[in-house]
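Participant: My questions all concern the structure below.
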Amino acid sequence: TGVPRCGASLHEPNKALRIELNANANCTWQIQRNANQTIRLVFSHFKFAPSSSCETESIKVFDGPSTASPLLGQVCDDTDAVPVLESSSDNLTFLITTNSVPFTRNFFVYYYFFSPGSRTENCGGELTGPNGTFTSPNYPAPYPHFRYCVWHIQAPKNSKINLEFQDFFLELDRNCQLDFTAVYDGPSTGSGLLGKVCGRAQPTFESSSNMMTVVLSTDDTNSYRGFLAQYSTAPLPGPMEPNTTLTCSSDSMTIVLSKSYLASLGFREADLQLNDPSCRPLVTDSVIFSFPLASCGTIKKDEGHSITYTNTISLAPAGSTITRQKNTEIIAQCRMSNNETLELIYITTNNAIQKLTAGGRYNVSMAFYESDLFSKPIQYSPYYVDLNQTLFAEATLHSTDPNLQVFIDTCTASPQPGFGSLTYDLIRSGCNKDDTVVTYPAFENHGRFKFRAFRFLRSFPSVYLQCDIVICDSNTTNSRCARGCISRQKRAISPYTWKTNTVVGPIRLKRDLRAAEHSESFTEVEAEKTPNLQQYNFYTLAFVVLISNILIVVAVILKHHKHQVGYSYQNVHSS
């Protein structure tokens, strides 16, 4: 192990590192694997400066040979897990940065190479049903080295899990940083950590829902007989009723509590308050809290590719003082994550603790404007423009949170509304690809840019615009929004909160509009000048009949005239 100074290049097939760092450190370790193997990196113990934030002090792990590689994960002072990360490339890099607070930071990390899918990796599994048992590999014989086993337990709905280790013997050390078992309160290792244990003990754990995750991690030093575990289930008390819900929108959170459920707990609507006691509920047939996301004491937390808004409803029995004890709280959490589509994620209970978590989507719209004042949107469609006319586009996030930033990552034009193979980049990864594009600085919840009507309009009747919109927390200094234009090599390293795309159009040339209007006018005039076929036939028939009648009259006149001439001639001759 030893105490590395500040970073290193590592090539051994496995190694443990005991790291001590002081203030203002910026140290990088790079691990290179053997061919056809994966690197597994375990941060079994970490101690940062007290009250440090992820922005100032953290461990960042990158899936590649440098800090420019894609970010695999981040470990901070408030990380509620034992982080285990695996590479997908030939290298893995981790960077530890510390702030200026005088404090000795301690970390214990080890890594090893392994082959996914091999027989040695065959442990853990899925456990379902109301009860069951499972053991560590080889139990009661010593467990193998370099093993990472994960058991997922799922019990029937509306129940909780009681886990008891009837026999437990792992390698003992002060921080459980060599061999350990970790238990999580939910369906994955991303759920809250219930505890981490090692040595000799008989620990018990209780979940707050019908799901629990158990992990066994071992290194290459000492091995013991491991564990025998048994789980059982019990019904959750006071289950949420169907009309007790949490709804999240782009700018608000709404919590609906049924009176009957509150009465079953011994509470009245007068006994409720949010983090900000001045925010009061609307009482009808139910008790309804509805408030903007950025108000009423709501706590916002940026979690990389999602952002959460959390508020707590305090409950107290009638006539008593409202407290913050765990058995008198309802925790409501809205999670805005990329491509989230589920409105309600889960409802769990633990005695009187009710945890509501809902997923939402940010409401983003996009429109063209008449000028760079961005005050008068174009209300009609299609939008007819002149060639080389400057167009002004704005993407708007409809949210009451003032600390969210809108960033236009990519904008592509296409003559096809489905955006097939024929496209033209205006903006790509935050970089202007068309010479006429100008992006404006971020302004409140808006992302703006302008460009000139381009050559696509010479060849195609319509053009559509599709833009990828990224939303970030404006207080995060290394967010995707803050980094602007990113080259191809660095494209995957910046976190963002949420991402979507929107389409506007079609855009058409004014000359096409004038041509269409001229063609329509010409058609109407010709229609007035030219009778239809039925009218033409009628006029022809009338003309023919008229001519025939004239001929008949002329013939009669000529015949009569001839008779008169002949009579006169005979009289003259007789005379």
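The values are calculated or read from the model by the stated rules, or taken from the named source; none is laboratory data. Note that this is a predicted model, so its numbers are computed, not measured. Here Cβ is always computed from backbone atoms with ideal geometry, including for glycine, and neighbour counts include all displayed protein chains. Areas reflect the complete protein model, heavy atoms only, side chains present, ligands, DNA and RNA absent. Shrake-Rupley method; radii C 1.70, N 1.55, O 1.52, S 1.80 Å.
Participant: Which ones in segment 206-218 are more than 14 Å from L178 (Cβ to Cβ), open to solvent by less than 30 Å² (accessible area, probe 1.4 Å) and not in a loop (DSSP other than H, G, I, E, B)? Spell out the reasoning first.
Facilitator: Pass one, segment 206-218, residues more than 14 Å from L178 (Cβ to Cβ): 206-215.
When the remaining residues are screened for being open to solvent by less than 30 Å² (accessible area, probe 1.4 Å), the result is 207-210, 212-215.
M212, T213, V214, V215 - these are the residues of segment 206-218 that are more than 14 Å from L178 (Cβ to Cβ), open to solvent by less than 30 Å² (accessible area, probe 1.4 Å) and not in a loop (DSSP other than H, G, I, E, B).
Participant: Out of the residues in segment 387-409 meeting the condition of being in contact with an Asp or Glu (Cβ under 8 Å, 6 or more places away or on another chain) and open to solvent by less than 10 Å² (accessible area, probe 1.4 Å), tell me which one is nearest to L509 (Cα to Cα).
Facilitator: Out of the qualifying residues, it is L404.
Participant: Do the conditions hold for T181, that is, is it polar (S, T, N, Q), crowded, with 16+ Cβ neighbours inside 10 Å and not in a loop (DSSP other than H, G, I, E, B)? It would help to see each step written out before you state the result.
Facilitator: On the way: polar (S, T, N, Q): yes; crowded, with 16+ Cβ neighbours inside 10 Å: yes; not in a loop (DSSP other than H, G, I, E, B): yes.
Criteria met by T181.
Participant: Of the residues that sit in segment 191-212 and are closer than 16 Å to V42 by Cβ and within 32 Å of the chain's Cα centre (by Cα), which one is modelled with the lowest pLDDT?
Facilitator: L193
Participant: So L72 clears everything in (1) part of a strand (DSSP E or B); (2) modelled with pLDDT of 90 or more; (3) open to solvent by 10 Å² or more (accessible area, probe 1.4 Å) except one condition, right? Which one?
Facilitator: (2)
Participant: Residues that are among the small types (G, A, S): list the strands (runs of 3 or more DSSP E) wholly contained in segment 390-487 that include at least 1 such residues.
Facilitator: Where strands (runs of 3 or more DSSP E) fall fully within segment 390-487 and carry at least 1 residues being among the small types (G, A, S), they are 390-397, 404-414, 446-452.
Rundown of residues vs (1) at pLDDT 75 or above; (2) of a type in the set (S, T, Y); (3) within 30 Å of P187 (Cβ to Cβ), yes/no style:
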position: M336; (1), (2), (3): no, no, yes
position: E343; (1), (2), (3): no, no, yes
position: T348; (1), (2), (3): no, yes, yes
position: N363; (1), (2), (3): no, no, yes
position: S375; (1), (2), (3): yes, yes, no
position: Y383; (1), (2), (3): yes, yes, no
position: T390; (1), (2), (3): yes, yes, no
position: T400; (1), (2), (3): no, yes, no
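Participant: For S89, are the conditions met, namely being open to solvent by 20 Å² or more (accessible area, probe 1.4 Å), modelled with pLDDT under 90 and hydroxyl-bearing (S, T, Y)? Spell out the reasoning first.
Facilitator: Working: open to solvent by 20 Å² or more (accessible area, probe 1.4 Å): yes; modelled with pLDDT under 90: yes; hydroxyl-bearing (S, T, Y): yes.
Here the answer is yes, as S89 does meet what is asked.
Participant: Of all residues in segment 154-175 being in a strand (DSSP E or B) and hydrophobic (A, V, I, L, M, F, W, C), which is surrounded by the most Cβ atoms within 10 Å (Cβ to Cβ)? Write out each step before concluding.
Facilitator: Let us first name the residues in segment 154-175 that are in a strand (DSSP E or B), namely 154, 159-169.
Filter again for hydrophobic (A, V, I, L, M, F, W, C), leaving 161, 163, 165, 168-169.
Working: I161: 24, L163: 20, F165: 20, F168: 21, F169: 20.
Among those that are in a strand (DSSP E or B) and hydrophobic (A, V, I, L, M, F, W, C), it is I161.
Participant: Can you tell me which of A49, A23, A16, A35 is within 23 Å of F146 (Cβ to Cβ) and assigned to a loop (DSSP other than H, G, I, E, B)?
Facilitator: On the way: A49 fails: within 23 Å of F146 (Cβ to Cβ); A23 fails: within 23 Å of F146 (Cβ to Cβ); A16 fails: assigned to a loop (DSSP other than H, G, I, E, B).
None of the others qualify; the one that does is A35.
Participant: Between a first residue in segment 384-407 that is within 16 Å of C481 (Cβ to Cβ) and a second residue that is open to solvent by 50 Å² or more (accessible area, probe 1.4 Å) and hydroxyl-bearing (S, T, Y), which pairs have beta carbons less than 7 Å apart while being 6 or more apart in sequence or on different chains?
Facilitator: N403/S474; L404/S474; Q405/S474
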